[in-house]
Every structure is written in structure tokens, then in C-alpha cells.
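Just so you know, all these numbers are worked out from the coordinates, no wet-lab data involved. Note that the coordinates shown come from a computational prediction; the quantities given were computed from them, not determined experimentally. Neighbour counts run over all protein chains shown; Cβ positions are idealised from the backbone, glycine included.
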Amino acid sequence: MNSANYLYLSALLFTIGAVGVVIRRNAIVVFMCVELMLNAANLSFVTFSRINGNLDGQIVAFFTMVVAACEVVVGLAIIVTIYRSRRSASVDDANLLKR
Amino acid sequence: MIFNSPALSYSLLAPILIILAGALIGVLIEAFVGKARRPVVQLSVALGSLVLALVQVIRIRNLSSTTAAMGSVVIDGPGLLFQCAILIVAVISIFLIADQDNFTSSAAALPGSDEERQATQSGTVLTEIYPLTLFAVAGMLLFPIASDLITLFVALEVLSLPLYLMAGLSRHRRLASQEAALKYFLLGAFSSAFFLFGAAYLYGYAGTVSFAGIHAALVGGTGNDVILLLGIAFVAIGLLFKVGAVPFHAWSPDVYQGAPTPITGFMAAATKVAAFGAMLRLFYTVLAEAQWQWRPFFMVIAIITMIFGSLVAISQRDVKRMLAYSSIAHAGFLLTGVIALNKAGLEASIYYLFAYGVATVGAFGIVTLVRDSSGEVSDLNRWAGLGKRSPWVASAFAFFLLAFAGIPLTSGFIGKFAIFSAAYESGATAVVIVGVLSSVIAAFFYIRVIVLMFFTDATEDGTSVVIPSILTRLTILISLVITVALGVFPSPLLDFIKPLAIFIR
């Protein structure tokens, strides 16, 4: 199968993630969209690894997974704190900082 | 299957390792040292490891190596200068961070809850801030010397993740602070995803993640140009976000305003040094041959960043937001150093970053001092007449503002002059003209604040300048001395930078 198709798929996933970050209002969903973008990048890395015929890209994919896990820890901590103090995880409700 | 152990040259990596060791010891101290002694012990460990790392950086300043960590980092003059600048800025800000009045006593407690009140009354202080700072510093030290895409990405995250948390730890106005953390985190993660996607395309173009390999593929010029362009664009977006260039600046005013002021100062200064360090290395060494692809794009970004930052800063009524927009304008000035793409541009950028970083920490140090009964006063109108009530503090702030504006005899003037003349040499005349014009606009709002402080009558609304603690005083004094020294005698530092400012590949 043509490996370029995987690149199209990854670009599509990345776009879905990016659009989701911009239009969704719930912080958790926004965060999931960011994770989708990271995984799309991972898919690109693995595909390029296959195309280029070396393993560097697959190693990067492992690093990305670890980093994404760390990001989940920090991100959920922040989102849970803000949910507890406001009873809402909507990014639209977070609007104290406007002038 | 045979595994070979990696060859690491520990003395060259020692600065980063010392900081990481200090951070880990800090985590252990949280677990094993009693509450009462923690603040002192944590501060000494943090300060000790920063100073040790600084000494080690200075000791190895003339060494260079591309194989210090199996080709993952490159130790060279500019890298060590960036590390030096980051460590000095971190040492100055750790005193400000140590002034515990600025942080919440219990980050997990709900704002305004009994639990929070009890923690504050029992004198609990938040000492986790020290290990977090050290982890961020370790990431910052690694960022400008990274020489492959994996290390660059990991360093970017190591420096960002602690900063996201630190932004949410303010004692006063905690809801706003948590909101700043949320915005910083979501937009930061968004931009790292862009960065990673771009890195994937650079890897796809070159078939390797190492900077040397990408450069070789570029010189060979056999790869697919569309993939290269996508890679450069997305990686640039990730980096431009970190330095807060327009149109990727949306987070910075909110985060600067909401985060605890010492953290704002540290983040504004040190992150800029690290991010511009990485950007300069990437675009000077790896992508220099592709300059026809990225330089026009960067020129447009630099021009709109300078104009936007200076113009919007004029209408700000909040001192922290004003400093945020001023830092956006400075990101634009620094981008002219990236565009210059010559040795003079590199030297000027290093000087500018150091001078700007030190002055920024000092300015935010002063912002922590102006308070009323409910905490810091950042509304500019209430700063009116400050010069009459506390002439020393107001004069120091005025001096930092003049340094930002680039008035002669301050460090900012030398930096701006050097960076603009380097860009002019390289033929980017339009950028230089816009740069000089927006410096004039910027000077207007800096001077407006000075007029407000010294020539406007004060209103009696309980705003006062607290007597600075010895720690805050140290921060402000050191920054002031360095800013004055760099303005009056810039040549020792310029001469020190000159022979070192050569990137090796």
C-alpha cells in the first residue's frame, strides 16, 4: 500500500485536532484534541520512518508518548483545580483576565 | 544483540546534571524535611545548584564538542553564553521567588475555603516552587544546546510543564491565576503539537533527526521541498509561540497578568533567552541554506510583532499587561537578530537577551512591592504619584523602563543599536526602519508611566510601597547594578561575547 496515504491520514487527524482546539469549549475536550494532534504527529513520524527506511522516527514516537503522558498529568491537574473552584471546565467561563 | 553503552562527557553536561540533581534533592526534601526548616533548606539547595552550575559553565567556556551526548547536544560558545545568561537570570529571580508572600500556601485548597485560611494561618509555605523552578531551568539549559529534534522537543516540554503549574500558584487573585495556568497550558500544548508535527516533516525531508543530517540534506537538495517547507513553517510556529511573537502572542498578556509576579518575571526573562537560543541555533546553522524560504516570512512576523506590541501597549491600564505587550515588542526586536543571519546579529542577540532578561526580572521585582491591603496593585492609575511617596522604588522602576525603551546610557540602547545595525548590514532595511519607528512608539508609553509616577498627584486609596524584604531587595539591586554596568561599560561583555559567538555544527 502507498505510504503517502498514511501521511494524508495523519494530516487529516492533525487538522481535526486543531479545529477541535479552536471550536470546542470544554477544557477536557480541547485537551483531548491536543492529544489527537500529538498522535497525528506520531503517525507522521512512523510513516516517514517507514519511507526513509530507518528507525529514528519510531524512537521519536516513543518519546512523544512519554511526553504526552507527562502533559496529561500536568494538564489534568490544572483542569481539575479550575473545575473545583468554578464548578465548570468551560474555557469560555475563564474570562477574568480581560483588562 | 549487543548494546553499547553511550559515551557521555560528564563535565560538559555537568551544568544540566547539577540542576537536575538539585531538583531531585528538592523533591526528596519535600518528603523528608520538617515543615519549619523546609524553606531555608530548599532555598539553599536551589541557590547552591544554580551557582554551582554557573561556575561549571564558566569553567568550560572555551571548550566545544559535538559529541558530548552522542550527538544529541552540541556544546559551543553561543550555547554556553545562553546557559550563562539563563543561570544568571535564574539566580536573580530565585531571590524574588523565595519571597513567599507571593505564593498560595496550599495550591490544592479551594480559593477562599477554610482549608486555605488554616494553611495560611499556620504559616505553611509553598516550597514545591523551588524544585519546579529547577526543572524548568534544566529544560531551558538543554533547549539552546539541543542538536537533534528529539532533544529539542523533550527540552521544550521540560521547560514548559513546570511553568504551566507555577503560573497557577498566586496567593492573591487565585482564580485569575488558575485561569492563567489553564490558558498557558492549553495554548502551550497546542503549540508543541505544531512543533512536533513540523519536526516530523523535517525528519521526513532529511531522513534523520540530527541537525547535522538535516543540514546535509538541505545542502544536497535532493529532498521534497514541500515537505521541507511544511516542516520549517510548523517548527517555526512552535518556537514563535514560545517567544510570544504576533500572531502567536494571545497567551502572553493573560499569563503575564494572572501568574504570580515573580514567576512572570522569571518566565518572561529566562524562557525568552532559551527559546531565542534554540531559534538562533536552528535558523543560523541548520536552516541557513533555506533562508529564501523562511527569511521573508520572519520579516513579516518581526514587523507586525514590533508594531502591534508597541501600539497595543499604549492603551494598557495594567502594569503587568503593559509589560507583557512590551515583551511582545521586544520579541519583535529580537527577531531582527534572527533575520540578520550574520555573526554580528548573533553577538547582538546574545547581548540583547541578557540585558533584557536582567532588566525584566528587576522590573517585575518592583511590581511585587506596590500593594494595598488585598495584594499587589497593578492598575496603572493607582501608581500615580509613586515617585513622591517612594522616590527610590519609583526611580529604579523608571530606570528599568528607560532600559526597555533603549535610552542611551542604559543596557537597552547598546542592545538595540547592535541588533539593528546587524540587521541593516544584512540588507533587511525595511525591518530596521520599522524597528526604529516602533522603538519611538514604545518609548512614548514607557515615558508616560514615568510621568505618571513623578509628575501626577497621588490619590489617597491605600496604595503603598511595602518595605522590600532582604531577598526582593537583592533581586532589584543586582538587576539594577547589571543594567547600569551594561549601559555604561558595555565593552567588557561585548568583548567577552565576540570570540565565543560562533556556532559549530
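Qualifying trypsin sites (Lys or Arg not before Pro) in the range B:303-347, where qualification requires a DSSP coil assignment and no more than 13 other C-beta atoms within 10 Å, comprise B:317. With a 10 Å cut-off around each Cβ of A:43-53, the average count of Cβ atoms from other chains is 4. Mean separation of Cα pairs under 8 Å and 6 or more residues apart, divided by the residue count, gives the range B:31-172 a relative contact order of 27 percent. Helix content alone sets the calculated 222 nm mean residue ellipticity of chain B: runs of n ≥ 4 DSSP H residues at -39500 (n - 2.57) each, divided across all residues, give -23500 deg cm²/dmol. By the combined test of axial Cα extent (at least 24 Å) and Kyte-Doolittle hydropathy (mean at least -1.0), the qualifying DSSP H helices of chain B come to B:10-32, B:38-59, B:77-98, B:149-166, B:174-206, B:225-243, B:291-314, B:319-340, B:343-367, B:429-455, B:470-488. Let me know the shape class of the range B:351-481, please: from the alpha-carbon gyration tensor, a ≥ b ≥ c as square roots of the eigenvalues, rounded when a/c is under 1.5, otherwise prolate if a/b is greater than b/c, or oblate. Because a/c hits 1.5 or more and a/b exceeds b/c, the range B:351-481 counts as prolate. Compared with the dominant Cα axis of chain A, that is its longest principal axis, helix A:27-52 is turned about 10°. In percent, rounded to a whole number, the relative contact order of chain A is 27, using alpha-carbon pairs under 8 Å and six or more apart.
Look at where the Cα atoms of the range B:4-20 and of the range B:157-185 average out, and the two centres are 31 Å apart.
Taking the highest mean first, how do the peptides A:66-78, B:323-335, B:28-40 order by number of other beta carbon atoms within 10 angstrom per residue?
Ranking, from highest mean packing down: B:323-335, A:66-78, B:28-40.
Rg/Rh for the range B:1-54 (Cα atoms only, Rh after Kirkwood) is 1.19. Using the Cβ-Cβ distance between residue A:19 and residue B:447 with R0 set to 45 Å, the FRET efficiency from 1/(1 + (r/R0)^6) comes to roughly 0.55. Stretching residue A:90 away from residue A:62 to a fully extended chain increases their span by 6.9 nm, per 0.36 nm per residue minus the current alpha-carbon distance. For residue B:318, the residues whose amide H sits under 5 Å from its own are B:380, ignoring neighbours fewer than 5 places away on the same chain, with H placed 1.01 Å from N. Spatial offset of the range B:474-488 relative to the range B:211-276 amounts to 29 Å, using the alpha carbon center of each. Each label point was placed 7 Å from the Cα along the Cα-to-Cβ direction; for residue B:27 and residue B:489 their separation is 4.3 nm. Per-residue shielding of A:72-82, expressed as the average number of other chain Cβ atoms within 10 Å of the residue Cβ, stands at 6. When Rg and Dmax are taken over the Cα atoms of the range B:62-168, they come to 17.9, 56 Å.
Computed over the protein assembly as shown, the P(r) curve from all C-alpha pair distances, binned at 20 Å from the origin, holds 21, 57, 21, 1 percent per bin.
When peptides B:212-224, B:246-258 are sorted by average Cβ neighbour count within 10 Å, with the highest value leading, the order is B:246-258, B:212-224. Using only alpha-carbon positions in chain B, the gyration tensor eigenvalues give semi-axes of 35, 28, 21 Å once each is multiplied by 5 and square-rooted (largest first).
Taking max minus min of the alpha-carbon positions on each principal axis, the range B:193-331 gives extents of 54, 26, 21 Å, largest first.
From least to most packed, judged by other beta carbons within 10 angstrom and beginning with the fewest, B:496, B:135, B:185 follow the order B:496, B:135, B:185.
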